[in-house]
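Inspection log for the structure reproduced underneath, given as structure tokens.
The values are calculated or read from the model by the stated rules, or taken from the named source; none is laboratory data. Everything numeric here is computed off the predicted structure, so don't read it as measured data. Here the Cβ is made from the backbone with ideal geometry for all residues, glycine too, and neighbour counts use every protein chain on show. Note: accessible area is taken over every heavy atom of the protein model, side chains too, but ligands, DNA and RNA are not part of it. Shrake-Rupley method; radii C 1.70, N 1.55, O 1.52, S 1.80 Å.
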Amino acid sequence: MKRKWWHDKVAYQIYPKSFLDSDGDGIGDLRGIISKLDYLKDLGIDIIWLSPIYQSPFVDQGYDISDYYKIAEEFGTMEEFDELLAEAKKREMFILMDLVVNHCSDKHEWFQKALEDPEGEYAQYFHFVQGKDGKEPSNYRSYFGGSAWEKVPGTEKYYLHMFAKEQPDLNWENPKLRDEIYKMMNWWLDKGLAGFRIDAIINIKKDLSFPSFEPDGTDGLASCVKMVEEVQGVGEYFEDMKAHTYGKYDAFTVAEVFNMKQDELPEFIGDNGHFSTIFDFSAHELVQGSHGWYDSRPFVFTDWRDVIFASQKEAQGIGFKANIIENHDEPRGASRFLPEYAQNETGVKMLATTFMFLYGIPFIYQGQEIGMTNCRRSDISQYDDISTKDQYREALQAGCTREKALECCYENSRDNARTPMQWNGGKNAGFTSGTPWLALNSDYRKINVEEQEKRDDSVLSYYRKLIALKKSSEFKEVLTYGRFVPEYEDSDSIFAYHRIREDGGQNILVAANYGKETCEIPLKRELIKVLISNIGEEDVIEREAKKSGKIKLNSCQAVALEIKE
Ligand code: TEU
């Protein structure tokens, strides 16, 4: 495997709308981000991914772009963006923008022109398709519910939108459209962007015959995902895009890829893959219900461990995956992946330990570093997210009570991750001096950055230690390139693995006890050093372990040990 500049980096996702508001309009902004670069540097962050900051009507919170060359007024100006790039560069940090090119906004000039002349040039930028027998061309359900087809006014045609109807899908079959996209990408790369996080990219390839599928719900529709799963040839688009854009730069790309076909991983993230890396969603897919949030599968520790281990082994020797606990589409990991008895600082640190040393590039989502949690709402009107509203409706239609439907939102809503960042225990958690666009999680008086800055035993301090260890000159090599080897798999409460240097130089054992009871694990090799523990003093643990040849792990304890090879 070729070594790349980004292999040993730690990344952080900013959701700009909820990060920090500098001008009191209740919406986070670029100036807020600039003012926190030192905070992120101090945490140990190298790469920052900004969720979309382009001009947008915000129907899907910026994932509906109406001008790819403009910064949303809410967030600031292009001058401020340039300042952000320059300030990041000064600190040797890298900025990624979100590239959303499966679709744009219905307010984008291209779509407006297409509506004006549905037979004209710009209609070819989209999928304007003749209806069948006065109905939609096929029975696709969009990701956000309802048909994926919307009538083009004044015609018998429909346009395709796999997400909201305000997010028309772009027609990648059209070389003119592709050229426009490539021109735009290069324009941003030339500005000094380090690369892109690439949104919903597997969706760009369509089967232009748009076949209908067997309905999979009571609405008589079939998920549009079926078409994505069946269609072949998306890789040709990726190669074309890469050759015309980021392939010419030393750029970093992290793609959001669901529904990859079997055995395609080398094509995606191998040495000459389409992308630098793709997110590992295996833990998130594990709990997904077959219909929606109301039939989500319960979280089972051993299944979770199994899918992560499988994913780690799959990537090894091929390329790097981007590891996540949460993002702006997922609930908080502190609420999802921890049993109730572990939903506290100790448990959150355990989860962080498990995550940080996995093989791959860790992506931390804003607020994860202080252990932010899911947020309870008492009525659906308190949610903003388009997908949450749809899933709530779905749950009611499937016969759930209002309480049960709300519980599903508490457990799954994308708004869980989108509540404002908790900077301090004061008014609006220091996020804004105005009215926040989305209500805060009421736990901010307890969980916030300022309080955790003061404590050496806080989640934040612990994250700093983990990252520093991962990047330390002594352990960087093993924790970046070391082989991943699962350990103690026969236990149903231990999450443990080794990272072993290929040259035999070092062996790190990471072990965490997710169970309720204390347990002891026999050390199969001689202990050299306890590198970190979320409970107790490292040197005390080390002394005891050296004496007994065992490591005692309390409930929710996690350690990283250096052992003899
Ligand atoms: O998400 C793509 C996607 O497939 C989502 O539908 C995902 O499965 C879902 O949000 C999980 O709850 C991306 C963005 O990350 C998301 O925020 C956007 O809404 C979506 O694309 C459309 O741009």
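Computed values, structure above
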| read-out | value |
| --- | --- |
| Long-range HN-HN contacts of GLU487 with modeled amide H, under 5 Å | ALA496, TYR497, HIS498 |
| The stretch 343-466 - percent relative contact order, Cα under 8 Å, separation 6 or more | 28 percent |
| Label-point separation, LYS113 to LYS90 (7 Å along Cα→Cβ), nm | 4.0 nm |
| Share antiparallel - DSSP beta bridges, the stretch 1-137, percent rounded to 5 | 25 percent |
| Dipole axis of the stretch 322-434 (+1 Lys, Arg; -1 Asp, Glu on Cβ), positive-most option in PRO339, GLY425, THR373 | GLY425 |
| Relative contact order of the chain, pairs being alpha-carbon contacts under 8 Å that are 6 or more residues apart, as % | 13 percent |
| Per-residue ³J(HN,Hα) for the stretch 205-222, Karplus 6.51 cos²θ - 1.76 cosθ + 1.60, θ = phi - 60°, Hz, x for Gly and Pro | 8, 10, 8, 5, 7, 6, x, 7, 10, 3, x, 10, x, 6, 7, x, 9, 10 |
| Carbon and sulfur %, accessible surface of the chain computed with the full protein complex present, 1.4 Å | 47 percent |
| Rg to Rh quotient for the stretch 14-163, alpha carbon positions, Kirkwood Rh | 1.10 |
| Amide H contacts under 5 Å for GLN366, placed H, 5+ residues apart | GLN13, TYR15 |
| Table column - 3J(HN,Hα) (Hz), the stretch 276-291, Karplus curve with 6.51, -1.76, 1.60, x for Gly and Pro | 5, 7, 10, 5, 8, 9, 4, 5, 7, 5, 4, 9, 5, x, 7, 10 |
| Straight-distance crosslink candidates among aspartates and glutamates, where the alpha carbon sits under 20 Å from LYS132 and sequence neighbours closer than 8 are dropped | GLU119, GLU150, GLU156, ASP169, ASP207, GLU214, ASP219 |
| Cα convex hull of the stretch 395-451 - mean projected area over all directions, nm² | 4.6 nm² |
| Global form of the stretch 112-228, assessed from the alpha-carbon gyration tensor, a/c cut-off 1.5 | oblate |
| Assigned charges on the beta-carbon of Lys, Arg, Asp, Glu; the chain dipole about Cα centre (debye) | 1500 debye |
| The stretch 1-70 - percent relative contact order, Cα under 8 Å, separation 6 or more | 28 percent |
| Backbone N under 16 Å from the ASP492 label point (7 Å along Cα→Cβ), restricted to the stretch 329-344 | 339 |
| Along each principal axis, Cα extent of the stretch 266-337, largest first, Å | 40, 25, 24 |
| Most to least accessible of CYS104, CYS400 (protein chains only, probe 1.4 Å) | CYS400, CYS104 |
| Net +/- balance of residues flanking SER555 in space, Cβ distance below 10 Å, scoring K and R +1, D and E -1 | 0 |
| Å² of accessible area per residue within the chain, as computed with a 1.4 Å probe and no ligands counted | 39 Å² |
| With all protein chains modelled, accessible area of PHE163 [1.4 Å, Å²] | 30 Å² |
| Magnitude of the charge dipole, the stretch 1-129, Cβ model with Lys/Arg +1 and Asp/Glu -1, debye to 20 | 920 debye |
| Extended-chain gain in nm, criterion 0.36 nm per residue less alpha-carbon gap, ILE528 and SER212 | 107.6 nm |
| Charge dipole of the stretch 406-509 about the Cα centre (unit charges at C-beta), most positive-ward option of LEU509, GLN452, VAL485 | GLN452 |
| Accessible area in the full protein assembly, largest first, 1.4 Å probe, for GLU330, GLU451 | GLU451, GLU330 |
| Rg to Rh quotient for the stretch 24-79, alpha carbon positions, Kirkwood Rh | 1.01 |
| Vicinal HN-Hα couplings computed from phi for the stretch 224-240 (Karplus, 6.51 cos²θ - 1.76 cosθ + 1.60; Hz; Gly/Pro x) | 5, 4, 4, 5, 4, 5, 7, 6, 9, x, 5, x, 5, 5, 4, 5, 5 |
| Length added when fully stretched, TYR249-LYS151, from 0.36 nm per residue minus Cα-Cα | 31.2 nm |
| Cα gyration tensor, the stretch 336-457 - rounded (a/c under 1.5), prolate or oblate | oblate |
| Long-range amide H partners of SER223 with built H, under 5 Å | ARG141, ASP216 |
| Sequence of LYS564, LYS205 from largest to smallest accessible area, 1.4 Å probe | LYS564, LYS205 |
| Cα-based convex hull volume of the chain per residue, rounded to whole Å³ | 147 Å³ |
| Subset of LYS17/LYS427; LYS465/LYS546; LYS151/LYS404; LYS349/LYS547; LYS191/LYS321; LYS9/LYS427 violating a 29 Å alpha-carbon distance limit | LYS151/LYS404; LYS9/LYS427 |
| Projected label distance in nm at LYS261 and ARG455, using a 7 Å step from Cα toward the beta-carbon | 5.2 nm |
| Dipole axis of the stretch 97-204 (+1 Lys, Arg; -1 Asp, Glu on Cβ), positive-most option in LEU170, MET97, TYR182 | MET97 |
| The stretch 65-165 - charge dipole about Cα centre, Lys and Arg +1 at Cβ, Asp and Glu -1, debye rounded to 20 | 560 debye |
| GLN130-GLU236 pseudo-label distance in nm [points 7 Å out on the Cα-to-Cβ vector] | 2.4 nm |
| Förster radius 41 Å - calculated FRET efficiency between GLU538 and MET1, Cβ distance, rounded to 0.05 | 0.80 |
| The stretch 298-402 shape via C-alpha gyration tensor axes, a/c threshold 1.5 | prolate |
| Antiparallel %, DSSP beta bridges [both residues in the chain], to 5 | 55 percent |
